[in-house]
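Have a look at the structure below before the remarks.
Nothing in this text is a laboratory measurement; each read-out follows from the coordinates by a stated rule. Just so it is clear, the model here is predicted, and its values are computed rather than measured. Here the Cβ is made from the backbone with ideal geometry for all residues, glycine too, and neighbour counts use every protein chain on show.
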Amino acid sequence: MIKHFLNLEWKQYFRSSYWQKNIAINILMVFFALYFVAMFLGLGFSLLFLLKEMYPDQDPFVAANGFLFYWIIGDLLMRFFLQKLPVMSVKPLLTLPIKRSTVINYVLGKSALSFFNFLPLFAIIPFSIMLMGDGYVASEILIWLFALIITVLIINFLNFIIEAFSAESELSFLPIMVVVSILFGLNYFEILPMTTLIGSGFLAIANNPILILIPIAILVLCYAFNFKTLKKKLYLDSSLKSKVTEVNASDLSWTERFGDIAPFMKLDLKLIWRNKRTKSMTFLLLIGVLYGLFFYPQPMYKEMTFMSAFIGIFSTGFFLINFGQFIPAWDSGYYKLLMSQNIKYEQYLRSKFILMVISVVLLFVLGIPYVYFGYKILIAHFAAAIYNVGVNTHVILWGGSFNRKKIELDKKAAFNYQGTGAVQWLIGIPLMLVPMGLFGLVNWLIGFAAAIALLIVLGVLGIVFHKKLMRGITQKYLNSKYKMIDAFSQDN
Amino acid sequence: MIYTKDLSKTYNGTTVLNIEELSIPKGQSFGLVGNNGAGKTTYFSLLLDLIKPTTGNITSNNVVVDESEDWKPFTSSFIDESFLIGYLTPEEYFYFIGELRGQNKADVDALTSKFEDFFNGEITGKKKYLRDLSKGNQKKAGIVAALIGQPEVIILDEPFANLDPTTQIRLKQIIKDLAEKQGVTVLVSSHDLTHVTDVCERIVVLEKGNVIKDLETNPATLKELEAHFGSTARTSLEEE
């Protein structure tokens, strides 16, 4: 049976169109994974020396155990947002003559092989080796290592229990927040010193191997609980059925002032607000506003005025870039409808344009407080906003006519690369590098004022020729109409 | 009204549709039948300019559909679920289509209220998104949306599939009324021979992209069609 499952798993992975179509993205993901592995390996090998340096009067092994609490909490939080139990993939198996318990054991067992479970090992194992090399008793360290591996698995299954609860509650982040903040609060206010409690717990296991039975018991308990909840849910009408969401209707009649593009504006706003992937983009507005805070408080950026143009473009254009790069793929699910309806392409595109302009203005206004770090920053942001409105909006709409990848709106938001192709990487060059380069060059050759003036002039030119540019862009979309329809109706 | 001349569509050397000449007069209810892969959806997609013809063209109301977009105001269609916008409620979808076709909310409400019994209380006023409706209910919403804005040509691909028997009977009445009373040209494709013969004045049989039968519907048509498709089943059995 397991052989069949593994075979299916293998095919699912390598026959997925992600794998076959998006080599570049896979390479990137592998690169990320390797990066994390390297980071953890580095941490594992250097931790002993770091601890010795930071706590010279403490036993480094004891000190390391003091950090375990924070690791557990951090790991739990990270998993909650990134790791999901792959329940949906078993739907086709339900009608086959396989015992339900086999399917459940398979799903749960599979989750134990997740990348999240292996990552900590890259730090823990080298650290253990270093400890043994440093003269610690090998048997104690091995028991400790074993206890940690079991803890990783406990976190793995605990996360699914928390997720099961959060799926039922209205505010899905609430359960994890409650669990984490209670644990953290108990520790912080020293009602229950979790740090030392967990730390000494692991020390006790290292000293007294029989105590390893306690984490093993917890693991078995967590597994059994997951097994029970899953068994109840493995029916088509409960968890395997996709969620039916209540409609949230809001009054969008204010869009009527935009005249003939109002229907599309309304559609775009609903698109953004009612789909998982687009919804997460509204939070990008917040990131866009706060983006400057990563740089401006640091004194080294004080002197680099050209940086403020870059940050300005990025910060005021954050939504523009993230939303704009997938035009018209956002509408790929019903592109055939739009193409057979009585619509003017130009109106459809202008609605997206207006939306992006509004976001730029909004982000600029929200970013005005950056004047605190110097008036030049505000001026640079203003010039960048004008440039975004006049040039980048058109560039990104033009780039959109090369989009050939469909997006399924109801798929998850984080780490979703669906719809990403070469266009998304290439469009960054004219979007970001060109204005930065121009600004840096003129700033260096003539001066700050001239560089600002250049960005503003380019932006204003774009605004003046808006109608003309839009005509060209619309023609570009019309020319690739059949190709887009064909590409968007292909299943990924 | 709709005139097709020398139309063909070829994918990688395989011709999936080849129609020398086909003309559909205004106000006719026109049925297209054929097995899977016969070219029904390809023909409708060409009619809606969703794919480009390899040769020839279709003229609808004196507009060549792949050259001008002027056919769009008087043509409406429902081909499949990809014509629905999943994150809208049925009402919002009707209003959206209405706005595109120059109808205000009152016009749309007036039209959709006529289909209360067709909806069977499962579409409107439910506070559900289209993506959360069942396949059959999605289809009902899509079909009614295709009737918004007094179109002169309505194209429905497989409208009877996925519908319950009651709704199928109601839909047949709706289609008949459109052609007989309002002079709308209705193009319907189906696998179900009974439904097509009930609804359509004229039936064209496609096979591997070619028109092989063009019948005026009369009481004997159903028998003839059944005999035709039955014989192809027998010959393929014998070939095996």
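Between A:MET304 and A:GLU190, what length comes free when the chain is fully extended (0.36 nm per residue of separation minus the Cα-Cα distance, one decimal in nm)?
Between A:MET304 and A:GLU190, full extension yields 36.5 nm more.
Taking chain A as the reference, fit the longest principal axis to its C-alpha atoms, fit the long axis of helix A:434-445 to the helix C-alpha atoms, and give the angle between the two in degrees, 0 to 90, nearest 10.
80
Return the distance in nm (one decimal) between the two label points of a simple spin-label model at A:VAL464 and A:LEU197, each offset 7 Å from Cα along Cα→Cβ.
Here the modelled spin labels are 7.0 nm apart.
Anything over 29 Å Cα to Cα? Flag those among A:LYS11/A:LYS476; A:LYS232/B:LYS135; A:LYS266/B:LYS139; A:LYS110/A:LYS232; A:LYS270/B:LYS135; B:LYS128/B:LYS181, in the order listed.
Exceeds cut-off: A:LYS11/A:LYS476; B:LYS128/B:LYS181.
How long are the semi-axes of the equivalent ellipsoid of the stretch A:99-157, defined as square roots of 5 times the Cα gyration tensor eigenvalues? Whole Å, largest first.
Equivalent-ellipsoid dimensions as semi-axes: 30, 11, 7 Å.
What is the Å³ per residue value for the convex hull set by the Cα atoms of the stretch A:126-223?
Value for the stretch A:126-223: 116 Å³ per residue.
Set Lys and Arg Cβ to +1 and Asp and Glu Cβ to -1, take the dipole of the protein assembly as shown about its Cα centre, and tell me which of A:PRO369, A:PHE323, A:VAL457 lies farthest positive.
Toward the positive end, the furthest listed residue is A:PRO369.
Determine which residues of the stretch A:27-46 fall in the zone a paramagnetic label at A:PHE115 would reach in this model, i.e. backbone nitrogen under 13 Å from the point 7 Å along Cα→Cβ.
Zone members listed by number: A:27-38.
Starting from the exponent 0.38 and prefactor 2.2 Å, build the expected Rg for the stretch A:278-417 from its residue count and divide its actual Cα Rg by it.
1.17
Any chance you could list the semi-axes, whole Å, largest first, of the equivalent ellipsoid that the Cα gyration tensor gives for the stretch A:253-488, using √(5λ)?
32, 19, 17
If we restrict to alpha carbons, what Rg and Dmax does the stretch B:148-213 come to, in Å?
Every Cα atom of the stretch B:148-213 included, Rg and Dmax give 12.3, 35 Å.
Where does each of A:MET265, B:MET1 land when they are ranked from fewest to most other beta-carbon atoms within 10 angstrom?
Least crowded to most crowded, the residues run B:MET1, A:MET265.
Per residue and in cubic angstrom, what volume does the convex hull of the Cα atoms of the protein assembly as shown have?
217
If you count, for every residue in B:73-86, the Cβ atoms of partner chains within 10 Å of its Cβ, what is the mean?
Across the residues of B:73-86, the mean count of other-chain Cβ atoms within 10 Å is 4.
Charges only on Cβ, +1 for Lys and Arg, -1 for Asp and Glu: so what's the dipole of the stretch A:244-355 about the Cα centre, in debye to the nearest 20?
200
Shielding of A:36-47 by partners, i.e. mean partner chain Cβ atoms within 10 Å per residue?
Going residue by residue through A:36-47 and averaging, the value is 0.
With a point put 7 Å past each Cα toward its Cβ, work out how far A:ALA204 is from B:GLU224 in nm, to one decimal.
Each label point is offset 7 Å from its Cα along the Cβ direction, giving 9.1 nm.
Go ahead and estimate [θ] at 222 nm for chain A from helices alone: -39,500 (n - 2.57) per DSSP H run with n ≥ 4, summed, over the residue count, rounded to 500.
-22500 deg cm²/dmol
Could you give each residue of the stretch A:104-121 its phi-based ³J(HN,Hα) in whole Hz, using Karplus coefficients 6.51, -1.76, 1.60 with θ = phi - 60°, and x for Gly or Pro?
My calculation for the stretch A:104-121 gives 5, 4, 5, 4, 5, x, 4, 5, 5, 9, 5, 4, 4, 7, 7, 3, x, 4 Hz in order.
Order the peptides A:181-191, B:96-106 from the highest to the lowest mean number of other Cβ atoms within 10 Å of their residues.
B:96-106, A:181-191
Sort A:402-408, A:442-448, A:351-357 for me by packing, meaning the mean count of neighbouring Cβ atoms within 10 Å per residue, highest on top.
The packing order, highest mean first, is A:351-357, A:402-408, A:442-448.
Relative contact order, percent, of chain A when contacts are C-alpha pairs under 8 Å separated by at least 6 residues?
About 14 percent, as a whole number.
With charges only on Cβ, +1 for K and R and -1 for D and E, what is the dipole size of the stretch B:1-83 about its Cα centre, in debye, rounded to 20?
My answer is approximately 160 debye.
Would you work out which of A:ASN159, A:ILE104, A:SER114 lies farthest towards the positive end of the dipole of the stretch A:2-233, given +1 charges on the beta-carbon of Lys and Arg and -1 on that of Asp and Glu, about the Cα centre?
Result: A:ILE104, furthest along the dipole toward the positive end.
Tell me, in nm to one decimal, what length is gained between A:LEU142 and A:ILE368 on full extension, where the rule is 0.36 nm per residue of separation less the Cα-Cα distance?
75.7 nm
Report relative contact order for chain B in percent, whole number only (criteria: Cα-Cα under 8 Å, sequence separation at least 6).
About 27 percent, as a whole number.
If I take R0 = 56 Å and measure r between the Cβ atoms of A:LEU445 and A:VAL180 in this structure, what FRET efficiency does the formula 1/(1 + (r/R0)^6) give, to the nearest 0.05?
That gives a FRET efficiency of 0.60.
Under a point-charge model restricted to the Cβ atoms of Lys and Arg (+1) and Asp and Glu (-1), what is the dipole moment magnitude of chain A relative to its Cα centre, in debye to the nearest 20?
2260
Measuring from a point 7 Å past the Cα of A:ARG257 along Cα-to-C-beta, which residues in the stretch A:332-356 have an amide N at less than 18 Å?
Label zone hits: A:351-356.
Which value, to two decimals, describes the C-alpha radius of gyration of the stretch B:1-121 once divided by 2.2 N^0.38 Å?
1.25
Hey, fewest Cβ within 10 Å first, where do A:CYS222, B:CYS200 land in order?
A:CYS222, B:CYS200
Given the Cα atoms of chain B, and with Rh set as the inverse mean 1/r over their pairs in the Kirkwood sense, what is Rg to Rh to two decimals?
Ratio value, two decimals: 0.97.
Taking square-rooted eigenvalues a ≥ b ≥ c of the alpha carbon gyration tensor, is the stretch B:79-181 rounded, prolate or oblate, where a/c under 1.5 means rounded and, failing that, a/b exceeding b/c means prolate?
Rounded.
Determine ³J(HN,Hα), in whole Hz, for all residues of the stretch B:167-182 in sequence, where each value follows from phi through the Karplus function 6.51 cos²θ - 1.76 cosθ + 1.60 and θ = phi - 60°; x replaces Gly and Pro.
Result, ordered by residue: 5, 4, 5, 5, 4, 4, 4, 4, 5, 4, 4, 4, 6, 6, 8, 10 Hz.
What residue among A:SER480, A:TRP254, A:ILE429 has its Cα farthest toward the positive end of the dipole of the stretch A:253-488, where the charges are +1 on Lys, Arg and -1 on Asp, Glu, each on the Cβ?
After comparing all options, I get A:SER480.
What is the order of A:ASP331, B:ASP6, fewest Cβ neighbours within 10 Å to most?
B:ASP6, A:ASP331
Per-residue mean of other chain beta-carbon atoms within 10 angstrom of the beta-carbon, peptide A:337-349?
6
For the stretch A:321-337, in order, what is each residue's ³J(HN,Hα) by Karplus, 6.51 cos²θ - 1.76 cosθ + 1.60 with θ = phi - 60°, in whole Hz (x at glycine and Pro)?
Computed from phi, the couplings for the stretch A:321-337 are 5, 6, 7, x, 5, 10, 6, x, 5, 4, 9, 5, x, 10, 5, 4, 4 Hz.
Two decimals, Cα atoms only, Kirkwood Rh: what is Rg/Rh over the stretch A:2-233?
When Rh is taken as the Kirkwood radius, the ratio is 1.00.
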